[in-house]
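Okay, so here's the structure we're looking at.
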């Protein structure tokens with residue numbers, strides 16, 4: 001019910017296509033989900049847990065804060081890349097202009113495969 005309630009709260013200015021994109025993304029980012037409410041959904045304009053990965057943590061030493069930010073960027077970039085390419089690593093590698101083996105190692109590093 002949490003996911004349905006969240007979807008009902010949005011006005012969906014982009015209509016059904018926008019709703020479908022949100023749900024497609026949630027499905028792609030939630031391979032472990034066994035029910036609708038287990039989906040990791042992020043509505044347009046709403047802060048998500050992924051946004052936390054991209055916060056600059058200014059109370060940490062520079063190098064540590066920078067590494068956390070870079071790791072968050074990589075993880076988010078790779079997730080979105082996989083979603084856009086329906087999980088096809090070869091196609092994702094071509095889009096990102098990365099060698100497939102290197103892309104695969106990055107995906108492993110971030111626990112995405």
Taking a spot 7 Å from the Cα of residue 5 along the direction of its beta carbon, which residues of the range 23-41 have an amide N less than 13 Å from it? 37
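Report the full-extension gain for the segment residue 108 to residue 27: residue separation times 0.36 nm, less the Cα-Cα distance, to one decimal in nm.
Numbers: separation 81, 0.36 × 81 = 29.16 nm, distance 1.97 nm.
27.2 nm is the gain from fully extending residue 108 to residue 27.
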Please pull out the direction-averaged projected area of the range 48-113, using the convex hull of its alpha-carbon atoms, in nm² to one decimal place. 4.8 nm²
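Coordinate-derived values only; no laboratory data. In this text, all values refer to a predicted model and were calculated from it rather than measured experimentally. Heads up, the Cβs are rebuilt from the backbone with ideal geometry, glycines too, and the neighbour counts pull from every protein chain shown.
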